[in-house]
Amino acid sequence: MTPEETLDLWNQQYAELQARMNAGRGAGLAAPADVAGMTGLQALNAMLTGELPYPHIADTMDFGLVEIAFGKAVFQGTPALKHYNPLGSVHGGWYATLLDSALGCAVHTTMQVGMGYTTAELSVNIVRAASAKSGPLRAIGQVVHAGRQLATAEARIVGPDGKLYAHGTTTCLVFPLPGVGAAAPAH
């Protein structure tokens, strides 16, 4: 597939998902009762179908979840002028937030009912400058290890031409959610 065909596919997929999620619950926070009895993968699938709201950070940072599978999460984002730093380039926090979302949601897909996680460590390496002219980029997160107490993942931000913009890793602390019967993460 050519970069132009990939870009067209990405834009079509993103537009369809955004329309579905906004036609559903839109941006917001899911109540604990909304996700009770769901695995992490089920909760993220419910977000993609619009049954659960997606987080407000997606609107703030102009990105969104576009694909999930067990141990994997893909986000698409488009840097804009509002994401620039005083030096006139995309702020490192934009890359970090996009990577953190892909990394965290990849880990989220491995959570069993009653389990949660939080980022304990995030490492980001920016290797190519993005700009408002870059168009959409994708962060592809993949779990490396999902244990009972720790989970690790790695992610890459790429353009439709396959060029690497940034990569990162995370270590997440895994824990039982308060007041919920919990099981260990799936391996």
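The values are calculated or read from the model by the stated rules, or taken from the named source; none is laboratory data. This one's a predicted model, so the numbers in the text were calculated from it and none came from an experiment. Backbone-built Cβ (ideal geometry, glycine too); neighbour counts: all protein chains shown.
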Open item on the list: Being part of a strand (DSSP E or B), over 14 Å from the mean Cα position of the chain (by Cα) and of a type in the set (A, V, I, L, M): is that true of residue 130 here?
Closed with: no
Task: Qualifying residue in the range 158-165 (condition: in a loop (DSSP other than H, G, I, E, B), touching a Phe, Trp or Tyr at 6+ places or on another chain (Cβ under 8 Å), basic (Lys, Arg) and in contact (Cβ under 8 Å) with a residue 12 or more places away in the chain) - done: no
TODO: Looking at (1) surrounded by fewer than 14 Cβ atoms within 10 Å (Cβ to Cβ); (2) closer than 25 Å to residue 69 by Cβ, find the lone condition where residue 93 falls short.
DONE: (2)
Task: Residue list for the range 61-91, restricted to those being among the β-branched types (Val, Ile, Thr) and under 15 Å from residue 132 (Cα atoms) - done: 78, 90
TODO: Give the range 100-126 a look and list any residue that's within 21 Å of residue 179 (Cβ to Cβ) and assigned to a strand (DSSP E or B), or say none.
DONE: 115, 116, 117, 118
Open item on the list: Out of everything in the range 43-84 that is among the acidic types (Asp, Glu) and either part of a loop (DSSP other than H, G, I, E, B) or in contact with a Pro (Cβ under 7 Å, 6 or more places away or on another chain) (or both), what residue ends up being nearest to residue 142 (Cα to Cα)?
Closed with: 62
TODO: Please find, among 19, 30, 15, the residue that is more than 22 Å from residue 97 (Cβ to Cβ) and either free of Cβ contacts under 8 Å to residues at least 40 places away in the same chain or assigned to a helix (DSSP H, G or I) (or both).
DONE: 19
- [ ] Output yes when any residue across the range 110-124 is buried (at least 24 other Cβ atoms within 10 Å of the Cβ), polar (S, T, N, Q) and at pLDDT 95 or above, and no when none is.
- [x] yes
TODO: Go through (1) over 20 Å from residue 173 (Cα atoms); (2) surrounded by fewer than 20 Cβ atoms within 10 Å (Cβ to Cβ) and name the single condition residue 83 misses.
DONE: (2)
Open item on the list: Going by what's in this entry, would residue 139 be described as within 26 Å of residue 70 (Cβ to Cβ), under 16 Å from the mean Cα position of the chain (by Cα) and outside any strand (DSSP E or B)?
Closed with: no
